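*Asks:* Quick one: structure below, then a few questions.
Just so you know, all these numbers are worked out from the coordinates, no wet-lab data involved. Note that the structure is predicted; figures quoted are calculated from it, not measured. Methodologically, a virtual Cβ is constructed for each residue, glycine included, from the backbone with ideal geometry; neighbour enumeration extends over all protein chains shown.
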Amino acid sequence: MAVSKVEVVVLGCLADEPLYGYELLERMRARSMSFWVEVGKASVYQALRRLEGRGLLHGKAQEGGDGPDRRVFRITKAGRDRLREGLAERFEELAPYETGAGLALGFVHLLPAPEARRAVEARERAVKDLLDAFADERDRTAGAKGATRVVADAMLARQAALATAELAWLRSFRTTIGKLRR
């Protein structure tokens, strides 16, 4: 059975140390994960329950001190095996770099030429804004240390490289837009 994206995220975060749900979400934020993987908060909590039920995590109730009680999750050996399986699936996966914008650009020929040009310009602005967001995130996390931060910074650099490549492609695509007859 294929390992879902949310399973990889949850198991991967818990492979470093036991966490409760909110801590796991904060760990994802500290790793800048929202810049390179989309996983909803509700999905994380659902995955915690599902993974525990399948024996991939062990949860233990812990008093919350000032706040509510919480459940701290620890990855099991079976969970580590499942994580490795999920990572291997993704390393070997032949899949497109898929985005919603890519989908829209694939049908840009259906728009009148002026509208198509404006759409490409809008995408260029969005990608530039994304590059600015990467820079802001690097500034926000500049003082963080450790292996997870090194990997998080590398993932931000990967996303920036993809965005930079998309900008170059968009510039060349503009000439293609000029050749469309609509």
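*Asks:* Just check region 5-92 against the gyration tensor rule for me: Cα atoms, a ≥ b ≥ c as the square roots of the eigenvalues, rounded for a/c under 1.5, and otherwise prolate or oblate depending on whether a/b exceeds b/c. Present the calculation step by step, with values, prior to reporting the outcome.
*Replies:* Values: a/c = 2.12, a/b = 1.33, b/c = 1.59.
Taking the square roots of the gyration eigenvalues as a ≥ b ≥ c, region 5-92 is oblate.
*Asks:* Something else now. Rounded to the nearest 0.05, what FRET efficiency do residue 147 and residue 101 give with R0 = 30 Å and r taken as the Cβ-Cβ distance? Could you check?
*Replies:* Details: r = 32 Å, r/R0 = 1.08.
The pair residue 147/residue 101 has a calculated efficiency of 0.40.
*Asks:* Right, another one. What number, rounded to the nearest 500 deg cm²/dmol, is the helix-based mean residue ellipticity at 222 nm of the chain, given -39500 (n - 2.57) per DSSP H run of at least four residues and division by all its residues?
*Replies:* Working: 7 runs with 118 residues, N = 182.
Helix-only estimate at 222 nm: -21500 deg cm²/dmol.
*Asks:* If you take every residue apart from residue 129 with its C-beta less than 14 Å away from the C-beta of residue 129, what net charge results, scoring Lys and Arg +1 and Asp and Glu -1? Before the final figure, lay out the partial values.
*Replies:* Details: positive: 123, 125, 128; negative: 121, 124, 132, 136, 137, 166.
Counting the neighbours of residue 129, the net charge comes to -3.
*Asks:* In square nanometres and to one decimal, what's the mean projected area of the convex hull around the Cα atoms of the chain?
*Replies:* Values: hull surface 53.0 nm².
So the Cα hull casts an average projection of 13.3 nm².
*Asks:* Give the angle, between 0 and 90 degrees and rounded to the nearest 10, that separates the Cα long axis of helix 21-30 from the longest principal axis of the Cα atoms of the chain.
*Replies:* 40
*Asks:* Here is a follow-up. Please name whichever of 62, 141, 86 sits farthest to the positive end of the charge dipole of the chain, dipole taken about the Cα centre and charges placed at Cβ: Lys and Arg +1, Asp and Glu -1.
*Replies:* 86
*Asks:* Can you compute the charge dipole magnitude of the chain about its Cα centre, using +1 on each Lys and Arg Cβ and -1 on each Asp and Glu Cβ, nothing else charged? Give it in debye, rounded to the nearest 20. Intermediate results must be reported in sequence, preceding the final value.
*Replies:* Working: 32 positive and 26 negative charges, 91 e Å.
Value, rounded to 20: 440 debye.
*Asks:* Using the Cα centre of region 90-182 as origin and beta-carbon charges of +1 (Lys, Arg) and -1 (Asp, Glu), tell me which of 106, 152, 130 is placed farthest towards the positive end of the dipole.
*Replies:* My answer, from the dipole projection, is 106.
*Asks:* Same structure, new question: Please determine, in degrees from 0 to 90 and to the nearest 10, the orientation of helix 77-92 with respect to the longest principal axis defined by the Cα atoms of the chain, where the helix direction is its Cα long axis.
*Replies:* The helix 77-92 is inclined about 10 degrees to the chain.
*Asks:* Add +1 for every Lys or Arg and -1 for every Asp or Glu among the other residues with Cβ under 12 Å from the Cβ of residue 27, and state the total. Don't skip to the end; give the middle numbers.
*Replies:* Working: positive: 29, 31, 149; negative: 16, 17, 23, 26.
For residues surrounding residue 27, the net value is -1.
*Asks:* Cβ neighbours within 10 Å, averaged per peptide: list 8-18, 75-85 in order, most packed at the top.
*Replies:* Values: 8-18: 19.9, 75-85: 17.0.
The packing order, highest mean first, is 8-18, 75-85.
*Asks:* With everything on Cα atoms, drop me the angle between helix 5-16 and the longest principal axis of the chain, reported from 0 to 90° to the nearest 10.
*Replies:* 50
*Asks:* Oh, and also: Would region 100-179 count as rounded, prolate or oblate if I go by the C-alpha gyration tensor, calling it rounded below 1.5 in a/c and otherwise prolate when a/b exceeds b/c, oblate otherwise? Don't skip to the answer; put the middle values down first.
*Replies:* Details: a/c = 3.55, a/b = 3.07, b/c = 1.16.
Prolate shape, in that a/c is at least 1.5 and a/b is the bigger ratio.
*Asks:* Out of every Cα pair in region 73-115, what percent are spaced more than 11 Å from each other?
*Replies:* The calculated P(r) of region 73-115 puts 75 percent of pairs beyond 11 Å.
*Asks:* What is region 25-182's relative contact order, in percent, from Cα pairs under 8 angstrom and six or more apart in sequence? Each step should come with its number before you reach the end.
*Replies:* Numbers: 95 pairs, mean separation 40.9, N = 158.
Contact order relative to length: 26 percent.
*Asks:* What are the semi-axes of the equivalent ellipsoid of region 1-42, taken as the square roots of 5 times the eigenvalues of the Cα gyration tensor, listed largest first and rounded to whole Å? Mind showing how you got there, number by number?
*Replies:* Values: eigenvalues 48, 35, 17 Å².
Taking √(5λ) for each Cα gyration eigenvalue gives 16, 13, 9 Å.
*Asks:* Whole Å is fine, so just give me how far the alpha carbon centre of region 98-175 lies from that of region 1-47.
*Replies:* What the calculation gives is 23 Å, centre to centre.
*Asks:* Note down the net charge around residue 78, summing +1 for each Lys or Arg and -1 for each Asp or Glu among other residues with Cβ under 14 Å from its Cβ.
*Replies:* +3
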